[in-house]
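Remarks on the structure that follows.
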Amino acid sequence: MDMSVYFNKQHLVKHSYATTEDYRVRSDAWESLAQQSISEWYAAQLQDLAFENLLDAGCGLGRFSTAIARARRVDVTAIDIAEPMVEATRQALGSLPGKHEFVQTSIEDAPFSDGSFDLVLANLVLFHVPDIGGAFKKLADFTKKGGHVALLTVDFDWMSELNRFQDHALLKLGFAHDHPALTAPVTNRFCDANIMRYAPQSLRLIRKPWFDGTMTFPDVDGVMNFYTHTMRYKNVAMQLGNDTLRDTAREIVEAYRERTGSLKVSSSLYLYVFEKR
Ligand SMILES: C[S@@+](CC[C@H](N)C(=O)[O-])C[C@H]1O[C@@H](n2cnc3c(N)ncnc32)[C@H](O)[C@@H]1O
């Protein structure tokens, strides 16, 4: 069983985002269970920048480009490797002011000329891409001189409680402690600890505000609903082919609530904003 590769193989990523349901469940929780709406916070962070058009690379449900387009008129080009995500963004942008274009493509194969955009967004996507440095450079090349690249990036502790619930459950189910399913989450490929290693020379970091996205779930069902819509859960559960992981994880979540008196899950982020030299 190869459980380690799920996040960074493109065909698997494409499969995982083949419907919007999983990502919608997770996004709704991020929006509603943190102290503040992440998409409104995000748009406010970029409010002072000058831009008339933007590229949303790996747009997902379009939550960030839509939040920006609600706050000001902007031409949006949205791309994603998965067609249902492109469609979801088309619907989210609806008739908001501006000219909007939608292209199903990977970042790697995206067809834009250098200097096409005032602002390029690449939120929570580069940890999925096999060649992170190559894709990051492409995004920088698409940006106009003096323009900006904005990347929402996970904190190292992102989902740490959920990851530990799963590791704990897998150990209880008899997995070896060094089984690949228990190794570090692949979001760590590109997170706050190592992002600058991949930043191209043409970009200068101008700020990196932090967002406290800690989610406080009202009950164990809420945690389980979120958890069973994560890629990390689905990858292993699909290969086990039964409900043992879900049931064991549930016992662990219940014990966590009894011990700590709450159901908090870390999901904090940094927004890296770069200027194109
Ligand atoms: C975690 S979601 C982030 C979506 C959105 N940017 C957000 O922050 O809500 C990752 C998205 O990246 C897309 N994706 C994964 N690999 C990609 C690639 N190589 N090129 C373009 N999109 C990709 C997925 O289909 C998915 O919609």
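Just a few scattered comments:
- About its Cα centre, the chain has a charge dipole of approximately 640 debye under the convention of +1 per Lys or Arg Cβ and -1 per Asp or Glu Cβ, with nothing else charged.
- Structure-based [θ]222 nm, the chain - -39500 (n - 2.57) summed over DSSP H runs of at least 4, per residue, nearest 500: -11500 deg cm²/dmol
- Greater than 21 Å apart at Cα, pairs in LYS99/LYS144; LYS99/LYS208; LYS137/LYS234; LYS137/LYS208; LYS138/LYS276; LYS208/LYS264: LYS99/LYS208; LYS137/LYS234; LYS208/LYS264
- Count Lys and Arg as plus one, Asp and Glu as minus one, and take only other residues whose Cβ is under 9 Å from that of TYR270; the net charge is then -1.
- Proportion of all alpha-carbon pairs of segment 49-96 beyond 17 Å (%): 23
- Shape of segment 62-169, Cα gyration tensor, a/c cut at 1.5: prolate
- Percent antiparallel among DSSP beta bridges (both partners in the chain, rounded to 5): 45
- C-alpha long axis of helix 132-142 to longest principal axis of the chain, angle in °: 30
- Signed unit charges on C-beta, dipole axis of the chain, positive-most listed residue SER268, TYR17, LEU245: SER268
- Placed amide H near ASP56: partners under 5 Å, 5+ positions off or other chain: THR77, ALA78, ILE79, LEU121
- Applying 1/(1 + (r/R0)^6) with r as the Cβ-Cβ distance of ASP247 and GLN91 and R0 = 25 angstrom yields a FRET efficiency of 0.10.
- Note that segment 20-36 has calculated 3J(HN,Hα) couplings of 8, 4, 4, 6, 5, 4, 5, 5, 4, 5, 4, 5, 9, 9, 8, 6, 8 Hz, one per residue in order, obtained from phi through the Karplus relation 6.51 cos²θ - 1.76 cosθ + 1.60 (θ = phi - 60°); glycine and proline are x.
- Under DSSP loop assignment and at most 16 Cβ neighbours within 10 Å, longest GluC sites (Glu not before Pro)-free interval of the chain: 109-277
- Angle in degrees between helix 160-172 and the longest Cα principal axis of the chain, rounded to the nearest 10: 30
- A straight chain from ILE206 to ASP178 at 0.36 nm per residue would run longer than the Cα-Cα distance by 6.1 nm.
- Remark: the chain projects, on average over all directions, an area of 13.9 nm² (convex hull of Cα atoms).
- Nearest-ten-degree value, helix 231-240 long axis tilted from longest Cα axis of the chain: 40
FYI, it's all coordinate maths here, none of it is from the lab. Since the structure is predicted, the reported quantities are computational estimates derived from the model, not experimental observations. Methodologically, a virtual Cβ is constructed for each residue, glycine included, from the backbone with ideal geometry; neighbour enumeration extends over all protein chains shown.
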